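The values are calculated or read from the model by the stated rules, or taken from the named source; none is laboratory data. Bear in mind that the values here come from a model prediction, so they are computed numbers and not experimental data. Note: ideal-geometry Cβ built from the backbone for every residue, glycine included; neighbour counts use all protein chains shown.
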Amino acid sequence: MKTFQKIAVPIVAIALFLAVWEFLVWVNGWPNYVMASPSDLPEAYIRFWNLFVSGGWQTLWRTVAGLGLAVLFGTALGMVMGFSRVARDALYPLLVGFNAIPKATLVPVLALLFIGQHNFNTVLMAFLISFFPIAVSVGIGLSTLEPEYRDILRSLGASRFTIFRKIALPKTLPEFFGALKVSVTLAFIGTNLVEIISPHGRGLGALFLSGQTNSNYPLMFAVLIALAVLGIVLYYAVVALEKIFAGWAERPHG
Amino acid sequence: MTNLIEIKGVTHAYQTPNGPLPVLDNLNIAVPEGEFAAVVGPSGCGKSTLTRLIAGLMKPDTGEVWLHGERVKSPRKTVGMAFQNPVLLEWRSILDNVILPLEIVAPSMPRKQREARAEELLALVGLQGFESKRPSELSGGMRQRASLCRSIVHKPDVLIMDEPFGALDAFTREDLWQTMHALRASEPFTAVLITHDLRESVYLGDQVFVLSGRPARTQYVLDVHYPQAEGLRKLEGLYTPECAQMLATLREQIQIAQGRHPEQAVH
Ligand SMILES: Nc1ncnc2c1ncn2[C@@H]1O[C@H](COP(=O)(O)OP(=O)(O)OP(=O)(O)O)[C@@H](O)[C@H]1O
Ligand SMILES: [Mg+2]
């Protein structure tokens, strides 16, 4: 019953959403160049299925690669900031400043820096846009570790590395995954940003762009929905990882 | 009998933005092997600092800490520590929490043997059947029991406890006092117990050290003569005239330490 509910409720919600959408388009008599309706979409998917599959794959792997880099770099940076006060004071303003830059402005900069390296640029953008929350959460998690937790092992003469591995690292996992949920969405946005803005892009973003240039409005909406689905898949992949590695942080009664 | 723990003329100050804050002032404490030293003193006088010095987590400015005839310069594997908070690791089961020190101290000990040791201790404190539970599934008193097991699982010579029962209700606390005596009977260790409960210090201690207000000196040492011929100490003993007398003495000393007593401290 519980699992049935868990699956059924979101499906009903989505069906309702599509129904309302269809209804609004029909009631207002919008032509499909203003607003495509859900019933226009299957045709777009069937016609451009190959492009959806290859574009979806491009978008997916580049997002995951960028996020992977963000996890490695963000964790390393967070560790440095978590263990050293000086590093924290030095890096924090830089990071905040970098994070404040609208990432769209970086697309042309990167395109000029690494001309023609579309894959590289896309992964780089996904990485740049998404490492910040990870670095901050790991840094804060480590620097706010209660001294008593450290002392459990330190009083036995354990090395710093052992303390990190057995206590600090697992203890920051819930914060890490909290940040990863934000980062995965950001990385996805970063990938799409480059795909849409770059003149010769690939992936779902480029498919969206070609829909626009060819005035194929149902295709554009179909891409949007595909992006939403891919975003949901990525997000829940992180949730699943969180369940496996930091499930202990979930209290049984809320 | 030799003194297993010896604190000789320890003076320590913390460096703060407002200059040095003297915390310990020429402190002397000696605990013979197998005995239980209770330390009481006004809040903020430097008791936790003392535990960190004994454990080798910090070095005193001057003076020396000796354990087992060796000068303490850094943490050592033969020390066990219990804190006011149980600080159990939420991602480990109770059994794995208790095993943790063995992973550091005896990395080559087979898993089976570690588990057997932890299970034995958990049974001793009345936690059998809770081995696979998470800390969050236990009550505060049960968590503190598990924390005690963790502090002695590696058979330390020296057990240092910083107000381990401070946050518990009176009944649970008395329960744990008895558990403590039961542990002592089966596990030989020399202990320093920081507490702010005078009855606890008399019930558990062989000696009670009263520290003065900050910076802390050893203001008074009480040799506990518990009214109990043999066997484990019984709680009822606390309500005898002998204990009432000892408690009155301690209370008076604490008031002097807090600077609330008309007469001056004698030293
Ligand atoms: N790391 C530190 N840096 C600066 N001052 C500190 C530090 N740790 C403790 N102190 C100060 O030293 C004094 C003694 O602290 P300590 O924790 O040893 O006292 P305590 O006797 O354990 O107190 P309580 O009974 O409240 O636990 C306090 O005034 C405290 O503010
Ligand atoms: Mg204290």
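For the reader, a short list of remarks on this structure follows.
- All positions within the range A:132-154 that are out of contact with any Ser or Thr (no Cβ under 7 Å at 6 or more places or on another chain) and within 19 Å of A:Phe73 (Cα to Cα): A:Phe132, A:Ala135, A:Val136, A:Ser137, A:Gly139, A:Ile140, A:Ser143
- For the range A:153-196, a tally of residues being within 9 Å of another protein chain (Cβ to nearest Cβ) and touching a Lys or Arg at 6+ places or on another chain (Cβ under 8 Å) returns 5.
Quick grid of which residues meet (1) surrounded by 13 or more Cβ atoms within 10 Å (Cβ to Cβ); (2) over 19 Å from A:Ala104 (Cα atoms); (3) free of Cβ contacts under 8 Å to residues at least 24 places away in the same chain; (4) β-branched (Val, Ile, Thr):
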{"site": "A:Val182", "(1), (2), (3), (4)": "yes, no, no, yes"}
{"site": "A:Ile197", "(1), (2), (3), (4)": "yes, no, no, yes"}
{"site": "A:Ala206", "(1), (2), (3), (4)": "yes, no, no, no"}
{"site": "A:Asn214", "(1), (2), (3), (4)": "no, yes, yes, no"}
{"site": "A:Leu227", "(1), (2), (3), (4)": "yes, no, no, no"}
{"site": "A:Glu250", "(1), (2), (3), (4)": "no, yes, yes, no"}
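- Close Cβ contacts (under 7 Å, 6 or more residues apart or on different chains) running from residues in the range A:157-174 that are farther than 15 Å from B:Lys77 by Cβ to residues that are outside any helix (DSSP H, G or I) comprise A:Ile167/B:Leu89; A:Ala168/A:Leu145; A:Pro170/B:Trp91; A:Lys171/A:Leu145.
- A single entry from B:Ala182, B:Ala216 fulfils the requirement of being away from chain A (no Cβ under 14 Å), of a type in the set (A, V, I, L, M) and more than 16 Å from ligand 2 (Cβ to nearest atom): B:Ala182.
- Counting only strands (runs of 3 or more DSSP E) that sit wholly inside the range B:1-87, those with at least 3 residues that are within 14 Å of chain A (Cβ to nearest Cβ) and touching a helix residue (DSSP H, G or I) at 6+ places or on another chain (Cβ under 9 Å) are B:79-82.
- Of the residues making up the range B:49-68, those that are near ligand 1 (Cβ under 10 Å from one of its atoms) and either within 15 Å of B:Val192 (Cα to Cα) or buried (at least 19 other Cβ atoms within 10 Å of the Cβ) (or both) number 5.
- Single residue of the range B:14-48 satisfying the filter (touching a Leu at 6+ places or on another chain (Cβ under 6 Å) and within 12 Å of ligand 1 (Cβ to nearest atom)) that is farthest from B:Arg199 (Cα to Cα): B:Tyr14
- In this entry, B:Leu95 passes the filter for residues that are more than 16 Å from ligand 2 (Cβ to nearest atom), at pLDDT 95 or above and not in a strand (DSSP E or B).
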